[in-house]
1. List the residue pairs whose Cβ atoms are under 7 Å apart, where the first residue sits in the range A:1-28 and is closer than 30 Å to A:Arg55 by Cβ, the second is β-branched (Val, Ile, Thr) and surrounded by 13 or more Cβ atoms within 10 Å (Cβ to Cβ), and the two are 6 or more positions apart or on different chains.
2. Can you name the residue in the range A:1-47 that is surrounded by fewer than 17 Cβ atoms within 10 Å (Cβ to Cβ) and among the hydroxyl-bearing types (Ser, Thr, Tyr) and is also farthest from the other protein chains (Cβ to nearest Cβ) among such residues?
3. Filter the range B:129-174 down to the residues that are within 19 Å of A:Ser31 (Cα to Cα), modelled with pLDDT of 90 or more and in contact with a Phe, Trp or Tyr (Cβ under 8 Å, 6 or more places away or on another chain) and list them by number.
4. Looking only at residues that are part of a helix (DSSP H, G or I) and among the charged types (D, E, K, R) in the range A:5-37, which one is farthest from B:Ser156 (Cα to Cα)?
5. Can you find a residue in the range A:94-102 that is at positive phi, touching a strand residue (DSSP E or B) at 6+ places or on another chain (Cβ under 8 Å) and within 11 Å of chain B (Cβ to nearest Cβ)?
6. Can you work out which of the residues in the range A:289-328 that are assigned to a loop (DSSP other than H, G, I, E, B) and of a type in the set (A, V, I, L, M) is nearest to A:Leu266 (Cα to Cα)?
7. Go through (1) small (Gly, Ala, Ser); (2) touching a Ser or Thr at 6+ places or on another chain (Cβ under 6 Å); (3) over 24 Å from B:Asp172 (Cα atoms) and name the single condition B:Ala8 misses.
8. Would you check which residues across the range A:198-210 are surrounded by 10 or more Cβ atoms within 10 Å (Cβ to Cβ) and either part of a helix (DSSP H, G or I) or not aromatic (Phe, Trp, Tyr) (or both) and list them?
Amino acid sequence: MAEEVRNYTLRAMAYAASSLTLLVLSLVLSSELLLVGSLVIGAIMLLSLTTLPGRPRVTAEMDRTQVFEEETVRVDMVIDSRGSWGNIEVFHRLSPNLELDKGSNLALLPPGRSRHSFVVKAPLRGYHPTGPTLVRRWDPLWLWYRESASGEPQNLTVFPAMHQGRQGTVKVSQNLHRPGEMKVKRIGSGKEFHSIRGYTTTDPFNTINWKAFARTGKLQVNQYETETVTDVMFFIDARLVGRVGLMTDNPVERSIRLCASLSSALLNMSNRVGLVVYGRSVNVTKPKGGPGALQSILHILTDITPSGQDTLGSSVTYALSYLSPNCPILILSSLAEDPTVKEAVRQLVGRGHPTLVVSPSGVDFERMLYSDVTVPKYLLKKLSRENLLMELGSMGARVVDWHPGKDVQWALLEVWE
Amino acid sequence: MRAVLQKALLVWPVLCLIGAAFILPIAVPEIGTFQVFVSGSLEGVPVFLLSVIGLVLGAAVSFLRSRWPRQTIRYGARAFLGLGAWLVFGLVISLFLGEGSYYERLKGSVVIGSWAIIVWTLVCMAPTMLGVHSVLYRSTMARGGTVLSFLLLALSGMVYAQASEVRVAHQDPFLSIIFIWAVLGFLEGINWRNRYASMDYEAHMSNILLARQVGFTLVFMGIGAVVAVAPFLIGDWPSTYYESTTILGKALVGLMAISPLAVLSLVRNLFGR
């Protein structure tokens with residue numbers, strides 16, 4: 001059991017000091033009344049110090065451990081302590097990145113068995129620690145307490161918010177020509193058998209399963225697994241410079257949310273999705289498809305922390321060997337303070353990769369944060385950024401300039417064909 | 001219901017002091033004996049009546065201050081400056097123009113004597129006057145003034161009667177108990193207010209906790225009073241250890257009465273679960 005720390009309030013100190021002062025004054029002044037006063041205060045304080053509830057058992061459980069941004073989690077606590085004197089105070093520690101939606105993570109309770117619940121909102125992706133619960137046993141007059149920690153810290157996984165958007169195909173997509181097909185467990189026009197279903201008039205005759213027909217007396221047709229068509233590679237800019245703006249809304253967070261939404265849609269359409277995250281270092285995740293791929297990608301996106309200053313150029317050079325021939329590339333970056341952008345995009349386009357650059361405007365995020373006053377410095381930066389985007393467009397890449405005023409839905413509409 | 005309770009919690013600390021300022025002069029007449037030192041006799045307006053006048057004046061001051069906030073403060077400050085100037089004037093006059101030793105000059109000065117009577121009258125009125133003002137006008141300065149004037153008034157009654165005599169004079173412990181209860185009621189009331197009045201928490205649970213804390217406070221104050229008065233009721237038994245008629249003897253007996261609690265507290269604190 002964890003060790004308890006004891007502490008006394010200022011009020012307890014004041015009572016003790018008053019009692020002693022009155023005692024000394026009563027002796028000096030030979031005053032019975034001051035002696036009575038001293039004894040009354042002393043007795044009350046000592047009475048309160050001797051009474052304390054038993055050490056409580058506290059359990060705290062979350063109804064979910066994995067949520068998406070802006071979703072809520074309910075935390076239920078059960079507090080069980082012996083005795084009837086004194087008070088119990090419980091405080092469930094929460095990550096500063098979590099917000100209280102309903103109730104409070106601090107509860108003052110009488111001893112005995114009681115329940116306490118509160119709801120937490122998760123506005124920001126990440127692995128947020130919750131707990132342990134700090135428990136204080138107070139005396140009846142709240143003069144002193146013993147404090148200990150109960151339970152183990154848990155992680156609340158908050159995935160980036162995903163937006164449905166309009167379904168379609170990515171504008172840059174094109175079919176992949178590879179030596180062998182890749183099977184995914186979905187119905188399609190492949191060669192591998194998937195299941196049997198009843199015949200409809202539009203089914204070709206060569207799909208009829210004659211053995212099944214002989215067995216059941218009804219026409220049955222075979223269904224086959226589909227084969228994937230496209231690998232899509234995302235380049236996500238996770239440099240510190242991309243954090244300009246609010247904690248919950250900045251170029252990095254926008255890029256991550258768009259990437260999560262697009263990945264989900266692409267994987268649903270039997271594509272494979274890979275990630276290159278650059279910032280403090282370059283991390284490459286090879287293209288994955290099928291069940292489990294989305295979960296894996298979401299975990300990688302959740303774990304991103306904006307830091308470092310690696311460039312797009314270095315990440316492209318590093319990731320070239322992982323790129324499938326002619327696979328579409330989506331670059332999600334504010335493009336700020338990166339002199340290698342043009343060279344990197346030229347390299348990708350030159351190697352035959354259809355390239356789409358979605359660029360949340362860091363300059364405008366910064367302007368929205370500090371003031372709406374237009375200063376020459378902003379105009380120069382804005383002009384420089386527009387020139388860069390225009391230049392990237394002229395190289396053969398498709399460019400989407402993402403203003404902070406437009407949401408992820410808008411970006412999805414721009415990306416889908 | 002919750003709103004009423006919150007308002008009650010807000011005014012309770014000061015109400016304790018105002019109530020005690022009324023009860024003390026009635027229950028313990030010793031409270032006004034300090035007037036003998038101020039004016040030489042106990043004649044004049046009784047302390048209880050001054051408390052009632054203070055009550056009315058407090059309401060009047062609150063009304064004036066809500067109507068003319070700046071002017072009331074300005075004239076109030078000038079009145080206090082005038083009192084200070086009066087004292088300086090009295091000191092200069094009596095010390096330079098009086099006869100006899102310096103103490104005799106001060107004691108015989110009519111100017112200083114009249115100043116002392118005014119100040120004593122203000123101190124007697126202040127607990128109720130400033131208390132009512134702090135409740136009606138929500139003035140924290142007035143609340144502080146209430147505490148200070150109540151302490152002055154009560155301690156003057158508790159200390160002067162004893163200090164003016166050479167021997168250990170028997171005094172009614174009721175005075176001390178009411179004084180301590182009022183001060184504890186004020187301090188605990190501040191704690192209740194801070195903890196429950198603005199508590200963003202379930203009202204039901206808050207009420208339960210408040211009721212428990214109030215209950216425990218009342219029980220502890222009762223037990224504390226019994227423990228404190230016990231040495232005065234025992235009689236001659238402790239005189240075999242020490243003379244119970246001396247203050248030191250009473251203190252020893254009192255400490256003996258409180259020692260079981262002290263030992264229990266020490267054990268619970270050092271070896272408690």
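The values are calculated or read from the model by the stated rules, or taken from the named source; none is laboratory data. Please read all numbers here as calculations on a predicted model, not as lab measurements. Cβ atoms come from the backbone with ideal geometry, glycine included; neighbour counts cover every protein chain shown.
1. A:Tyr15/A:Ile41; A:Ser19/A:Ile41
2. Top of the filtered list is A:Thr21.
3. none
4. Looking only at the range A:5-37, we keep the residues that are part of a helix (DSSP H, G or I), and these are A:10-29, A:32-37.
Applying the additional criterion that residues be among the charged types (D, E, K, R) yields A:11, A:32.
On the way: A:Arg11: 25, A:Glu32: 14 Å.
This residue is A:Arg11.
5. Of all residues in the range A:94-102, those at positive phi come to none.
Among the residues of the range A:94-102, not one is at positive phi, touching a strand residue (DSSP E or B) at 6+ places or on another chain (Cβ under 8 Å) and within 11 Å of chain B (Cβ to nearest Cβ), which makes the answer no.
6. A:Leu323
7. Evaluating B:Ala8 over (1) small (Gly, Ala, Ser); (2) touching a Ser or Thr at 6+ places or on another chain (Cβ under 6 Å); (3) over 24 Å from B:Asp172 (Cα atoms) leaves (2) as the failure.
8. From the range A:198-210, those surrounded by 10 or more Cβ atoms within 10 Å (Cβ to Cβ) are A:198-199, A:203, A:207-209; that's our starting set.
Scanning the range A:198-210 gives A:Gly198, A:Asp203, A:Thr207, A:Ile208, A:Asn209.
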